[in-house]
C-alpha cells in the first residue's frame with residue numbers, strides 16, 4: 001500500500017486467507033499450523049519464511065501488519081491469526097512464507113476493553129512485539145491520530161565473532177567506567193567520524209585503554225522512548241537522554257547506530273562489543289526491567305498494555321490504575337511467570353548473542369516485589385538470575401532500592417549479586433566535606449563495608465563503590481556547588497536530589513579565585529584516591545577524570561546537549577587530573593593488597609605474615625580509639641598480601657605486593673603525623689599526596705620521597721597521603 005492508503009479498522013480491511021489456505025497458496029507443502037513450534041517467542045527467520053510467536057492470554061484474535069518501509073503509515077499486507085488454528089495455549093504462532101530478515105511488522109490484538117479488570121485491548125493499536133530484536137523508523141500518527149510506533153524488524157542473529165569470548169575478569173579485579181553511548185562522543189570536541197554512536201565508542205577505545213578501566217557500564221541501550229510523541233502542538237518535547245524509558249528490551253537503540261538501515265544497529269552493537277573485548281574491556285549493560293514507557297492509565301499503548309496488561313504490570317486493587325513503585329507511572333510485574341520468562345530470556349539473549357559481560361539492574365528492588373507489590377524474601381526472578389548456569393560468567397549488579405521506600409543495600413540477595421553501595425557514596429562525601437563524627441564510618445567504607453556485606457556471607461567485592469554516577473552531581477560539580485541548578489529541565493528546579501552532601505568552598509559555580517580552585521582540585525584528588533584505595537569495586541563516572549561539568553545540574557536526564565556530553569578538550573586542560581586517575585587505576589590493578597577476596601580481620605593472615613592484615617592508628621602513632629568519634633585524622637596500614645595467599649586466585653602478571661599506609665585528614669587545621677612504632681622497620685616511600693600540585697601529587701613509578709622513622713609529617717587540611725613499603729623489606 002502507498003502512503004495515500006486510507007486508515008482502516010479491524011472489520012473493514014480484507015484479510016488474507018486462513019493459515020492453511022495461505023500456506024498452500026504460497027506453495028509451502030503440506031500446510032499445518034505447526035503447534036509444535038510454539039517457542040521461542042518473537043520473529044524467527046527460517047528457510048522460506050518467518051515464524052512469528054506472540055503471547056496473549058485474553059486476546060480473541062491477533063494479526064501481523066507488514067510494511068515496506070520504516071516511514072510507511074500503513075501496512076502493505078495484513079495477516080490474521082485465528083484462535084482455532086494459530087493458538088497453542090496462550091501462544092499465537094504463524095509461519096509466513098516469502099518473508100525474511102529485514103521484514104518490518106507490528107502486532108494488533110483484539111480483545112476486551114475492561115479497565116476495571118485490568119484489560120485494555122485496542123484493536124486499532126499498532127503494537128511492538130515484546131521480543132522484537134530491532135526497531136526501525138520514527139513515531140508517526142495516522143490521519144485519525146492512531147499512533148504508529150517504530151516498526152519491528154526481523155533480525156538474523158548470525159555474526160562472525162572470530163573466536164570472541166567473555167573476558168571473565170573477577171569482580172574483585174574490576175574497575176568500572178559508567179558512560180553514555182551517545183554522550184561519550186557526540187560533542188564536536190570528540191572529533192569523531194561516528195559521533196554519538198556505537199562506532200564512536202569503538203573509536204575512543206585507545207583512550208579507555210590509557211585510562212586503565214576494565215569495564216564500561218553503558219547507560220540504557222535497549223530501545224527507549226527518546227521523546228514523548230504526544231507532546232502538545234507547538235511545544236518542544238522533553239528529551240529522554242538517559243534512556244530510562246524502555247519500549248523493547250531485546251533491541252539495541254536504533255538512534256545510536258550510524259547505519260540507518262533496519263537492523264543495522266544490531267551489527268554495529270556487536271562490532272563495538274567485539275572491539276572492546278579485543279582491547280581487554282568488558283561491557284556491562286544498565287538494564288531497566290522495573291517500568292516501561294507506557295506509563296500509567298493515561299500513557300500511550302505501545303506494546304505490553306495492548307497484549308496482556310495485568311500480566312506485564314502490577315495493578316492496584318482497583319485494576320484500572322497502575323502501581324507506581326518506580327516513580328515513572330507503572331511497575332513491571334517481574335515475578336509473574338510470563339514476565340519473569342521474558343526478562344530471563346532477554347538476559348540470556350544479550351549474553352549469548354551480544355557477548356555482554358554483565359548487567360546493572362536499575363531500581364532492582366522492584367524485582368523483589370510480588371504481584372501485589374509486597375517485598376519477598378526469596379524473589380523467584382532474583383534467584384533465577386543468580387542460579388542460571390548460562391549467566392554464570394556474567395557480573396550481576398543491583399541498584400538495591402526503588403522509588404517506593406525499599407532500600408536493600410547490603411541484603412538484596414545472595415553472593416551472586418553485587419550492589420551499588422549508596423552508603424559508601426554518602427559516607428565518603430560527608431567525610432571529605434568535613435562533617436563531624438564520620439571517621440569511623442570512613443574506616444568501614446574503605447575496608448569494604450563489612451557491616452553491610454559480611455553478615456550475609458558476602459565479600460568486599462559485592463560492594464560497587466562510587467562517589468558519583470549519572471544520577472546526581474559530577475565530581476567537579478560536587479566540589480563546586482552547594483545547591484542543584486536544574487532550571488534547564490523545565491521543572492522549576494523541583495527535580496533532582498536535594499541532599500547531595502556537596503560544598504562549593506566559597507563560590508557557587510566556576511571561579512577565577514586560585515585559592516578556591518586549588519582547594520577544589522585537592523578535594524577531587526581526595527575523592528578519587530579514596531575510591532581507588534578502597535576495598536570493593538570502584539566505579540568511575542564518565543568525565544570525572546577530566547572535570548566534566550553539568551553546570552550544577554544534578555538530574556540531567558533530559559539534557560541531550562553539551563551540558564551532558566563529554567567535552568574532550570577537558571582531557572587536555574586537566575591532563576594532571578587524568579594522569580592522577582590513570583596512575584591510581586594502574587596501581588590498583590597491579591596491587592593485590594587492594595583487591596582482597598575476604599574481609600579484613602585485624603589479625604595476621606598466616607604464619608608468614610609479619611603484620612595484621614589491617615591496623616588503624618591516630619595521627620600521634622598510637623592505636624586508633626574508636627570511641628573518639630570526633631577525631632579528624634585516621635591512618636590505616638593495609639598489610640601486603642603474602643605470597644602464599646596470592647597463588648592461584650590472582651591474575652597472571654601480579655608482580656608486586658606492597659604494604660600501604662593511608663592517612664586521611666579532614667580537619668580544617670594542619671596536624672602532625674608520627675609514624676607508628678611497629679611500622680618503623682619498613683622502608684616507606686610517598687606514593688600519593690593530594691595536597692601537592694602535579695606532578696608531585698602522585699609518583700607512578702613508586703619512586704617518591706622516603707618517609708623515615710625519625711621525621712614528623714605535617715598533614716595539611718583536607719588531605720590524603722599514601723605511603724608504600726615493599727613486602728620484601730618487612
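The values are calculated or read from the model by the stated rules, or taken from the named source; none is laboratory data. A quick note: this is a predicted structure, and the numbers were derived from the prediction, not measured. Here Cβ is always computed from backbone atoms with ideal geometry, including for glycine, and neighbour counts include all displayed protein chains.
Summary of computed values
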item	result
Filtered residues of region 508-532 (kept if under 20 Å from residue 465 (Cα atoms) and more than 31 Å from the chain's Cα centre (by Cα))	none
Subset of region 75-91 that is more than 34 Å from the chain's Cα centre (by Cα) and in a strand (DSSP E or B) - its residue that is surrounded by the most Cβ atoms within 10 Å (Cβ to Cβ)	81
All positions within region 424-440 that are crowded, with 19+ Cβ neighbours inside 10 Å and either at positive phi or in a helix (DSSP H, G or I) (or both)	424, 425, 427, 428, 429, 431, 432, 439
Extreme residue, surrounded by the fewest Cβ atoms within 10 Å (Cβ to Cβ), among residues of region 125-175 that are over 27 Å from residue 55 (Cβ atoms) and in contact with a strand residue (DSSP E or B) (Cβ under 8 Å, 6 or more places away or on another chain)	141
Any hit, region 360-371, residues being assigned to a loop (DSSP other than H, G, I, E, B), modelled with pLDDT of 95 or more and crowded, with 20+ Cβ neighbours inside 10 Å	yes
Leading residue by the ranking (nearest to residue 98 (Cα to Cα)) among those in region 59-74 that are touching a strand residue (DSSP E or B) at 6+ places or on another chain (Cβ under 6 Å) and in a loop (DSSP other than H, G, I, E, B)	70
Residue that is farthest from residue 124 (Cα to Cα) [pool: residues in region 38-65 that are at pLDDT below 95 and over 35 Å from the mean Cα position of the chain (by Cα)]	47
Meets criteria (closer than 22 Å to residue 471 by Cβ, in contact (Cβ under 8 Å) with a residue 12 or more places away in the chain and surrounded by fewer than 22 Cβ atoms within 10 Å (Cβ to Cβ)) for residue 222	yes
Residue match in region 696-717 (condition: buried (at least 21 other Cβ atoms within 10 Å of the Cβ), under 18 Å from residue 675 (Cβ atoms) and in contact with a helix residue (DSSP H, G or I) (Cβ under 8 Å, 6 or more places away or on another chain))	no
Helices (runs of 4 or more DSSP H) completely within region 568-646 that count 1 or more residues being touching a strand residue (DSSP E or B) at 6+ places or on another chain (Cβ under 9 Å) and either surrounded by 19 or more Cβ atoms within 10 Å (Cβ to Cβ) or without any contact (Cβ under 8 Å) to a residue 40 or more places away in the chain (or both)	575-590
Residue satisfying all of: in region 389-409; surrounded by 21 or more Cβ atoms within 10 Å (Cβ to Cβ) and touching a strand residue (DSSP E or B) at 6+ places or on another chain (Cβ under 7 Å); nearest to residue 472 (Cα to Cα) among these	399
Flag for residue 109 being assigned to a strand (DSSP E or B), touching a strand residue (DSSP E or B) at 6+ places or on another chain (Cβ under 9 Å), surrounded by 14 or more Cβ atoms within 10 Å (Cβ to Cβ) and modelled with pLDDT of 95 or more	yes
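A quick yes/no check of all residues on (1) within 24 Å of the chain's Cα centre (by Cα); (2) in contact (Cβ under 8 Å) with a residue 12 or more places away in the chain; (3) assigned by TED's automatic domain parsing to the domain that holds residue 41:
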position	(1), (2), (3)
277	yes, yes, no
288	yes, yes, no
295	yes, yes, no
307	no, yes, no
310	no, yes, no
316	no, no, no
